[in-house]
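Undergrad: Handing you this structure, nothing more for now.
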Amino acid sequence: MTTTQGPTEDLDDLPFNVFAKACPSRGTLEHVTGRWGGLALGALYEGSLRFNELRRRVDGVSEKMLSQTLHALERDGLVHREAQPTNPPRVDYELTPLGRDVAERLLALIHCVEGSMEQVLAARERYDSARA
């Protein structure tokens with residue numbers, strides 16, 4: 001007889017545990033799933049972008065927040081920053097192989113959410129009506 005392990009049981013076999021408060025994987029998960037991190041990774045999945053191109057693609061992000069997000073993702077090894085010695089300076093951002101892997105999985109979630117929005121909006125309406 002074989003048993004199927006659930007997703008949390010599989011995590012017990014890993015050297016890192018995002019559910020443990022002190023685990024460094026928790027910070028990386030926050031960078032990836034934070035308000036701007038996921039959008040930046042998703043946008044960069046399409047290819048290398050300059051800072052302002054990325055800022056336009058991720059509608060609503062401030063220059064400061066995008067800069068902080070990119071620094072965190074670069075530190076985690078998900079984004080590569082390349083400064084070109086030109087005048088004016090040119091800086092390109094692209095995903096590393098690890099960043100591509102993470103972005104691909106994240107885009108599957110994004111597409112799932114986008115594809116379910118009719119159900120989500122209907123659920124919101126039912127919830128709000130029941131509480132009105």
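Undergrad: How much length would be gained if the chain were fully extended between residue 105 and residue 23, taking 0.36 nm per residue of separation minus their Cα-Cα distance, in nm to one decimal?
TA: Stretched fully, the residue 105-residue 23 segment lengthens by 27.4 nm.
Undergrad: Between residue 75 and residue 125, what is the FRET efficiency for a Förster distance of 30 Å, r being their Cβ-Cβ separation, to the nearest 0.05?
TA: 0.15
Undergrad: Within the chain, which is the longest segment that contains none of the chymotrypsin sites (Phe, Trp or Tyr not before Pro) sitting in a DSSP loop with at most 16 other Cβ atoms within 10 Å?
TA: 20-132
Undergrad: On average, how much accessible surface per residue is there in the chain, in Å², for a 1.4 Å probe, leaving out ligands, DNA and RNA? List each step's numbers first, then the result.
TA: Working: 9760 Å² over 132 residues.
For the chain, the solvent-accessible area averages 74 Å² per residue.
Undergrad: Of 24, 88, 97, which is the most mobile in a GNM of the chain whose springs link Cα atoms less than 10 angstrom apart?
TA: Taking springs between Cα atoms under 10 Å, the residue moving most is 88.
Undergrad: At 222 nm, what helix-only mean residue ellipticity would the chain give, in deg cm²/dmol to the nearest 500, using -39500 (n - 2.57) for each DSSP H run of four or more? All intermediate terms of the calculation are to be shown ahead of the outcome.
TA: Details: 7 runs with 78 residues, N = 132.
It lands at -18000 deg cm²/dmol.
Undergrad: Another question about this same structure. With the full set of protein chains in place, find how many percent of the accessible area of the chain is carbon and sulfur; take the probe as 1.4 Å.
TA: Roughly 53 percent, rounded to a whole number.
Undergrad: Mean-square fluctuation check for the chain, GNM, Cα pairs under 10 Å: which of 14, 109, 98 is largest?
TA: Evaluated over the chain, the most mobile residue of the options is 14.
Undergrad: With just the Cα atoms defining each centre, how far is the range 33-50 from the range 67-131? Give it in Å.
TA: The range 33-50 and the range 67-131 have Cα centres separated by 4 Å.
Undergrad: Please identify, among 60, 77, 38, the residue showing maximal mean-square fluctuation in a Gaussian network model of the chain using a 10 angstrom Cα cutoff.
TA: Maximum among the listed residues: 60.
The values are calculated or read from the model by the stated rules, or taken from the named source; none is laboratory data. Note that the structure is predicted; figures quoted are calculated from it, not measured. Please note: Cβ atoms are built from the backbone with ideal geometry, for glycine as well, and neighbour counts cover all protein chains shown. Protein only, heavy atoms only, side chains kept; ligands, DNA and RNA dropped before computing areas. Shrake-Rupley method; radii C 1.70, N 1.55, O 1.52, S 1.80 Å.
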